[in-house]
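Undergrad: Would you mind keeping the following structure in view while I ask a few things?
The values are calculated or read from the model by the stated rules, or taken from the named source; none is laboratory data. Remember, predicted model here, so these are calculated numbers, not experimental data. As a convention, Cβ positions derive from the backbone with ideal geometry for all residues, glycine included, and neighbour counts pool all protein chains shown. Side chains included, ligands, DNA and RNA excluded: accessible areas come from the protein's heavy atoms. Shrake-Rupley method; radii C 1.70, N 1.55, O 1.52, S 1.80 Å.
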Amino acid sequence: MVIAKEEKPETKISYIAEGTVVTPKGFKAAGVHAGLRYVKKDLGVIVCDVPASCAAVYTQNHFQAAPLKVTQQSIATEQKLQAVVVNSACANACTGERGLKDAYEMRELCARQFGIAPHLVAVASTGVIGEFMPMEKIREGIKKLQPGVLPENAEAFQTAILTTDTVMKKACYQTTIDGKTVTIGGAAKGSGMIHPNMATMLAFITTDANISSPLLQETLRSITDVSFNQITVDGDTSTNDMVIVMASGLAGHKELTPDHPDWENFYEALKKTCEDLAKQIAKDGEGATKLIEVRVNGAKTDDDAKKIAKQIVGSNLVKTAVYGADANWGRIICAIGYAGAMVDPDNVDISIGPISMLKRSEPQPFSEAEASAYLQNDEIVIEVDLHLGSGTGVAWGCDLTYDYVKINASYRT
């Protein structure tokens with residue numbers, strides 16, 4: 001596992017507000033309406049000028065959708081990717097041999113459109129499970145894809161991958177390696193069926209860093225554990241989730257290794273990109289009105305801290321209490337108790353925002369009005385200290401509202 005060292009004071013990471021997946025050198029994108037949905041864009045592509053180093057992580061659901069199998073086969077061939085084609089509206093999951101054939105055809109069509117080898121193409125899909133791909137529409141849609149480097153090209157791609165999302169999700173950060181500017185850009189979708197290891201979540205990250213595929217894979221796995229795998233909306237893990245990173249190597253610096261003096265710069269920039277996208281997904285949970293961030297300190301291990309943080313943010317009772325602006329810390333301590341991590345029941349602190357609720361497992365007096373007012377905010381922080389060790393963990397989620405039920409009661413209709 002790749003382990004980042006303590007961030008040094010000289011580590012410089014800059015957030016690029018207008019940056020997108022086409023900001024790193026060598027990348028273009030496009031999105032079109034192929035007719036899979038009534039009016040919205042529903043088919044997109046990212047293309048790199050050169051075969052890029054790559055990495056990917058996938059859903060842990062046993063029923064992996066056909067596009068994931070095709071992407072795994074593509075990457076296994078040469079450990080390079082040059083394009084990823086994505087559709088919304090249809091997940092192409094649980095569709096048997098026909099679904100697999102259709103996913104391979106999507107790969108072939110994309111390769112032909114851009115004059116590259118089929119094994120350099122990844123395929124991703126999102127939408128309704130159990131429906132066959134409308135391949136005639138896909139065939140015609142891929143012919144329309146004309147990637148570019150303008151902001152509107154990136155926005156078209158970002159729009160094409162959405163399902164029940166209410167907003168586009170993008171992030172971009174820059175750092176310096178060997179005196180060269182290195183950029184990392186990302187786009188993601190995800191709103192419901194979110195409980196990674198992974199969830200109904202797709203993320204596509206581009207960078208012009210020079211890094212080998214094996215090291216990029218190791219790094220992505222390490223970062224995924226503290227970003228995408230630490231969000232939850234509803235506890236459901238999808239069949240289609242995938243995060244793909246492509247690195248063009250066009251920034252012009254020496255190849256990165258963990259021993260490179262600027263390694264921390266790259267690691268932290270990629271981590272910030274993934275965390276940013278993950279938080280945007282959590283905040284845009286179906287029907288959500290608030291982002292919840294849970295910070296756990298003093299755990300026996302980092303794994304225990306991460307487990308407890310995710311258990312709290314995933315508790316329906318905690319989520320509904322936050323929605324109702326009810327400072328019911330009893331629901332938080334309940335979630336801590338069944339998280340399956342080491343806890344001293346007589347030595348736990350809990351705070352909601354700046355308000356201490358529990359200290360060394362002793363209830364603290366607090367103003368209900370002040371707590372309720374804090375819980376009206378659209379971003380809520382819950383902090384826990386277990387006083388057992390140095391383990392830390394963070395998780396993100398959202399409140400649970402009436403609208404979540406409405407959206408999912410009529411998802412197919």
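Undergrad: Within the range 177-187, is even one residue open to solvent by 50 Å² or more (accessible area, probe 1.4 Å), assigned to a helix (DSSP H, G or I) and at pLDDT 95 or above?
TA: So far as the range 177-187 goes, no, none of its residues is open to solvent by 50 Å² or more (accessible area, probe 1.4 Å), assigned to a helix (DSSP H, G or I) and at pLDDT 95 or above.
Undergrad: So Ala111 fits all but one of (1) assigned to a helix (DSSP H, G or I); (2) surrounded by fewer than 18 Cβ atoms within 10 Å (Cβ to Cβ); (3) without any contact (Cβ under 8 Å) to a residue 60 or more places away in the chain; what number is the exception?
TA: With respect to (1) assigned to a helix (DSSP H, G or I); (2) surrounded by fewer than 18 Cβ atoms within 10 Å (Cβ to Cβ); (3) without any contact (Cβ under 8 Å) to a residue 60 or more places away in the chain, Ala111 is out only on (2).
Undergrad: Show the residue pairs meeting these rules: Cβ distance below 9 Å; 6+ apart or different chains; first residue within the range 354-382 and on the phi > 0 side of the Ramachandran plot; second residue open to solvent by 90 Å² or more (accessible area, probe 1.4 Å).
TA: Arg360/Asp346; Ser361/Pro345; Ser361/Asp346
Residues are listed down the side, and each one gets a yes or a no for (1) modelled with pLDDT under 95; (2) of a type outside the set (Lys, Arg); (3) in contact with a helix residue (DSSP H, G or I) (Cβ under 6 Å, 6 or more places away or on another chain):
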{"site": "Ala171", "(1), (2), (3)": "no, yes, yes"}
{"site": "Thr175", "(1), (2), (3)": "no, yes, yes"}
{"site": "Leu202", "(1), (2), (3)": "yes, yes, no"}
{"site": "Leu216", "(1), (2), (3)": "no, yes, no"}
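Undergrad: Consider only pairs whose beta carbons are under 6 Å apart and that are at least six residues apart or on different chains; among these, list those whose first residue lies in the range 257-281 and is among the small types (Gly, Ala, Ser) and whose second residue is outside any helix (DSSP H, G or I).
TA: Close Cβ pairs (under 6 Å, with a partner that is outside any helix (DSSP H, G or I)) amount to Ala269/Ile13; Ala269/Tyr173; Ala269/Thr175; Ala269/Ile184; Ala278/Ser227; Ala278/Ile231.
Undergrad: As an exercise: evaluate Glu105 against (1) open to solvent by 50 Å² or more (accessible area, probe 1.4 Å); (2) part of a helix (DSSP H, G or I); (3) charged (D, E, K, R) and give the number of the one condition it does not meet.
TA: (1) is the only condition that Glu105 fails.
Undergrad: While we're on this one: Looking only at the range 352-397, which residues are over 14 Å from Asn328 (Cβ atoms) and among the polar types (S, T, N, Q)?
TA: Correct list: Ser356, Ser361, Gln364, Ser367, Gln376, Asn377, Ser390, Thr392.
Undergrad: How many residues are assigned to a strand (DSSP E or B) and open to solvent by 50 Å² or more (accessible area, probe 1.4 Å) when one looks only at the range 372-384?
TA: Residues meeting the conditions: 2.
Undergrad: Within the range 98-118, is there a residue that is within 24 Å of Leu215 (Cβ to Cβ) and assigned by the TED database to the domain that holds Ala188?
TA: Yes: the range 98-118 contains one or more residues that are within 24 Å of Leu215 (Cβ to Cβ) and assigned by the TED database to the domain that holds Ala188.
Undergrad: Could you please tell me which pairs satisfy a Cβ distance under 6 Å, a separation of 6+ or placement on different chains, a first residue in the range 121-143 that is under 20 Å from Ala111 (Cβ atoms), and a second residue that is open to solvent by 10 Å² or more (accessible area, probe 1.4 Å) and assigned to a strand (DSSP E or B)?
TA: The qualifying pairs are Gly141/Val32.
Undergrad: Only one residue in Ser248, Ser222 is farther than 20 Å from Asp276 by Cβ and modelled with pLDDT of 85 or more. Which one?
TA: Going through Ser248, Ser222 in turn, just one is farther than 20 Å from Asp276 by Cβ and modelled with pLDDT of 85 or more: Ser248.
Undergrad: Can you tell me how many residues in the range 265-297 are out of contact with any Gly (no Cβ under 6 Å at 6 or more places or on another chain), at pLDDT 95 or above and open to solvent by less than 10 Å² (accessible area, probe 1.4 Å)?
TA: Within the range 265-297, residues that are out of contact with any Gly (no Cβ under 6 Å at 6 or more places or on another chain), at pLDDT 95 or above and open to solvent by less than 10 Å² (accessible area, probe 1.4 Å) number 5.
Undergrad: Could you check how many residues of the range 315-371 are among the acidic types (Asp, Glu), within 25 Å of Thr232 (Cα to Cα) and open to solvent by 30 Å² or more (accessible area, probe 1.4 Å)?
TA: Result for the range 315-371: 1.
Undergrad: Filtering the range 117-137 down to residues that are in a loop (DSSP other than H, G, I, E, B) and of a type outside the set (Asp, Glu), which residue is most open to solvent (accessible area, probe 1.4 Å)?
TA: Top of the filtered list is Phe132.
Undergrad: Evaluate the range 47-65: report whether one residue or more is of a type in the set (D, E, K, R), outside any helix (DSSP H, G or I) and open to solvent by 10 Å² or more (accessible area, probe 1.4 Å).
TA: yes
The rows are residues; the columns are (1) over 23 Å from the mean Cα position of the chain (by Cα); (2) within 29 Å of Ser222 (Cα to Cα); (3) at pLDDT below 95.
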position: Pro9; (1), (2), (3): yes, yes, yes
position: Thr20; (1), (2), (3): no, yes, no
position: Lys28; (1), (2), (3): no, yes, no
position: Arg37; (1), (2), (3): yes, no, yes
position: Ile46; (1), (2), (3): no, yes, no
position: Phe63; (1), (2), (3): no, yes, yes
position: Thr71; (1), (2), (3): no, yes, no
position: Gln82; (1), (2), (3): no, yes, no
position: Arg98; (1), (2), (3): yes, no, no
